[in-house]
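Written below as structure tokens is the structure these notes are about.
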Amino acid sequence: MTLWDKAIAELIDIIQWTDDSSDTLVWRFPRYEDEIKNGAQLIVRQSQVAVFVNQGKIADLFTSGQHQLTTGNLPLLTTLMGWKYGFHSPFKAEVYFINTRNFTNLKWGTKNPVTLRDPEFGPVRLRAYGTYVVKVSDPAKFIREIVGTGERFTVEELSEQLKNLIVTRFSDMLGECAIPVLDLAASYNELSAFLTGKIAAEFMEYGIEVTKLLVENISLPPEVEEAVDKKSSMGIIGDLDNYLKFQSASAMEAAAKNPGGEASAGVGMGIGFAMANQLGKMITNPPEPPHTASAPLPPPMEEACRYYLGKDGKQTGPFDKDAIIGEITKGAITRGTLIWKQGMKGWSAAGLFPEFDTLFNETPPPLPQ
């Protein structure tokens with residue numbers, strides 16, 4: 001320090017820190033030979049704490065506000081210096097300003113994958129990252145354990161140690177929780193809260209409080225993610241044969257709108273896919289040879305149908321279709337006769353059945369009684 005700096009220091013009797021940075025945790029007030037005048041004004045702003053250190057020992061601590069430095073409000077420093085009757089000359093002490101605000105958006109992440117045994121995928125390697133928020137909650141302990149005698153201490157100098165601690169505890173937690181990989185995304189909140197509680201006590205050993213910690217992402221290796229994507233795609237496509245038919249039909253429609261263009265090439269490709277699919281079926285499942293005695297064919301759906309009649313308040317049946325036609329021909333069943341068959345919700349007039357409608361036009365009406 002030059003003579004001019006020394007002279008300026010003798011004139012200055014205000015001790016304060018106007019923080020113009022966004023990452024400074026601790027700043028030591030610069031004074032020539034650490035001399036502070038008796039009666040000097042100490043200004044501590046919001047989210048700051050001023051700590052006085054004498055010969056390596058933490059003496060007094062001041063929170064936000066304006067303070068006049070006298071023997072009355074420096075009790076511990078007065079005892080250390082042996083001022084029994086007060087003093088009027090400058091005294092020696094180091095003054096550290098601690099930034100106690102929350103430092104947000106600090107990053108953490110795994111440098112190397114964490115290997116786990118998953119019940120579905122088997123051994124897998126996972127990577128994870130997130131953010132956390134810290135603040136100095138015990139300034140005296142923070143200076144003793146972390147700062148030392150430096151003039152300035154930043155978050156960057158501390159974050160590497162904190163990140164290593166978080167990753168170590170996270171890896172241990174992930175191995176113990178035994179949550180399947182595909183269910184981890186639904187447990188981010190629980191994992192974040194558990195990890196915060198697990199490392200809070202260790203951070204407090206340095207005088208630091210973790211106010212928030214978030215697990216933002218846990219991911220699989222790229223090749224495993226690609227396999228999972230393919231499996232998901234196949235699940236969405238469903239029946240491959242129907243999918244190929246749909247693709248071919250779409251290509252043919254596009255070709256009709258743009259003959260001779262790229263869509264025409266798509267038609268050929270779609271048809272080729274379909275032919276390859278059918279050929280594969282023939283190779284996998286060849287047609288059975290003809291039998292000497294053919295099995296009887298199942299009866300047509302109409303012949304298997306049975307009808308019930310409702311006449312004179314009575315139900316009769318069941319009758320097959322031929323029997324109903326015979327009754328219509330004889331005139332025993334008219335258009336208004338009620339008929340019911342399987343699958344109908346209620347009875348209906350015979351004239352409303354499509355299979356019998358034409359018969360009523362060909363059959364003469366019954367003879368008058």
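Once you order the gyration tensor axes a ≥ b ≥ c over the Cα atoms, which shape class does the stretch 103-224 get: rounded for a/c under 1.5, otherwise prolate or oblate by comparing a/b with b/c?
Details: a/c = 2.73, a/b = 2.29, b/c = 1.19.
Prolate, because a/c is 1.5 or more and a/b exceeds b/c.
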TODO: Would you mind putting 16-24, 170-178 in packing order, based on average other-beta-carbon counts within 10 Å, highest first?
DONE: 170-178, 16-24
Task: Residues E94, E156, E209, sorted so that the one with the fewest Cβ neighbours within 10 Å comes first - done: E156, E209, E94
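Once Rh for the stretch 307-362 is found with the Kirkwood sum over Cα pairs, what is the Stokes-Einstein diffusion coefficient at 4 °C and 1.567 mPa s, in µm²/s? Please list the in-between numbers first.
Values: Rh = 11.2 Å.
In µm²/s, the coefficient is 116.
Going down the list K111/K212; K107/K135; K141/K212, which pairs span over 19 Å between their C-alpha atoms?
Details: K111/K212 21 Å; K107/K135 15 Å; K141/K212 21 Å.
In this structure, K111/K212; K141/K212 lie more than 19 Å apart at Cα.
None of the figures in this text is laboratory data; all of them are computed from the coordinates on show. What you see is a predicted model, and the numbers here were worked out from it, not measured in a lab. No Cβ is skipped: glycine too gets one built from the backbone with ideal geometry, and neighbour counts run over all protein chains shown.
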